[in-house]
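The values are calculated or read from the model by the stated rules, or taken from the named source; none is laboratory data. Owing to the predicted nature of the structure, the values given are computational and were not obtained by experimental measurement. All Cβ positions, even for glycine, are placed from backbone atoms using ideal geometry, and neighbour counts span all protein chains on display.
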């Protein structure tokens with residue numbers, strides 16, 4: 001009943017949106033966006049609704065509307081929302097169904113199914129993958145596991161220039177673009193690669209610690225997720241990048257940490273991967289201790305199921 005009342009209040013506020021140009025529209029944008037958040041409306045939908053109902057003599061830009069929505073959804077809420085509770089999942093049954101769907105796939109089948117033809121040597125993986133998934137201004141962390149300094153967060157164009165000049169490719173990357181500003185870890189330590197430094201919530205990283213590699217391939221071939229990239233870690237696992245495109249940290253927490261990983265952990269995925277600044281293996285790095293490349297096996301920048 002509470003949710004229904006809040007949704008009615010949101011819809012009423014939209015219909016009563018004052019005119020722009022001195023009528024109080026600017027203030028109302030934030031108020032209506034707050035009502036939308038309390039009603040559980042997706043921020044992208046709130047943005048669209050506001051754009052539809054805004055009227056008056058002054059042009060209200062899309063940027064102004066988005067700024068109000070971002071402010072509303074980033075602000076603390078006066079009430080504590082109920083945590084997302086996913087129905088009990090039979091992990092073994094779900095995993096068997098997914099793996100059975102991808103049973104015909106091996107590494108060669110993944111390569112054949114890749115929308116981007118991977119016809120370059122593994123030492124070119126870094127530049128080939130990064131150019132297809134990011135824009136020149138995106139700031140990316142690329143470094144060793146414990147690196148956290150500003151020198152490891154650079155724009156895509158800077159990284160490409162460095163790699164093309166022969167700079168060694170580090171072993172890890174955070175797939176989500178960062179702000180480039182210093183933030184704090186959950187322990188309060190300064191860092192340039194903390195969750196609080198994430199600027200774009202594009203990809204979730206998914207990996208399995210104990211599942212056999214052949215079964216991992218079958219899983220990725222059979223799971224109905226928007227897969228962007230599958231990367232051979234150069235060891236025992238395959239890292240999957242799944243397209244998320246969340247609006248902010250709240251949406252990430254709800255969709256990824258709450259819904260998606262409640263299913264993934266049931267089928268054996270590493271639950272520690274659910275944070276937004278999760279490290280993944282960097283394609284194009286050669287692991288000397290394993291004598292193996294970290295290779296891209298499948299690449300679909302738009303994201304989609306491997307086996308539609």
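Would you mind finding the one in 129, 116 that is surrounded by fewer than 19 Cβ atoms within 10 Å (Cβ to Cβ), touching a strand residue (DSSP E or B) at 6+ places or on another chain (Cβ under 6 Å) and under 15 Å from residue 296 (Cβ atoms)? If you could, list the steps in order and put the result at the bottom.
Values: 129 fails: surrounded by fewer than 19 Cβ atoms within 10 Å (Cβ to Cβ).
After ruling out the rest, the residue left standing is 116.
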Conditions (1) surrounded by fewer than 17 Cβ atoms within 10 Å (Cβ to Cβ); (2) touching a residue at least 60 places away in the same chain (Cβ under 8 Å); (3) assigned to a helix (DSSP H, G or I); (4) out of contact with any helix residue (DSSP H, G or I) (no Cβ under 9 Å at 6 or more places or on another chain); number of the one not met by residue 302: (3)
Number of the exception - residue 251 against (1) in contact with a helix residue (DSSP H, G or I) (Cβ under 6 Å, 6 or more places away or on another chain); (2) over 19 Å from residue 171 (Cβ atoms): (1)
Tally, over the range 282-294, of residues that are crowded, with 22+ Cβ neighbours inside 10 Å and on the phi < 0 side of the Ramachandran plot: 4
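Give 206, 167 a once-over and let me know the one that is more than 17 Å from residue 248 (Cα to Cα) and under 15 Å from the mean Cα position of the chain (by Cα).
Numbers: 167 fails: under 15 Å from the mean Cα position of the chain (by Cα).
After ruling out the rest, the residue left standing is 206.
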Criterion violated by residue 228 - all others in (1) in contact with a helix residue (DSSP H, G or I) (Cβ under 8 Å, 6 or more places away or on another chain); (2) over 23 Å from residue 117 (Cβ atoms) satisfied: (2)
Set 254, 278: member being within 21 Å of residue 42 (Cβ to Cβ) and not in a strand (DSSP E or B): 254
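For every residue, the table says whether it meets (1) closer than 24 Å to residue 259 by Cα; (2) modelled with pLDDT of 85 or more; (3) assigned to a loop (DSSP other than H, G, I, E, B).
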position: 18; (1), (2), (3): no, yes, yes
position: 40; (1), (2), (3): yes, no, yes
position: 46; (1), (2), (3): yes, yes, no
position: 50; (1), (2), (3): no, yes, no
position: 70; (1), (2), (3): yes, yes, no
position: 77; (1), (2), (3): yes, no, yes
position: 80; (1), (2), (3): yes, no, yes
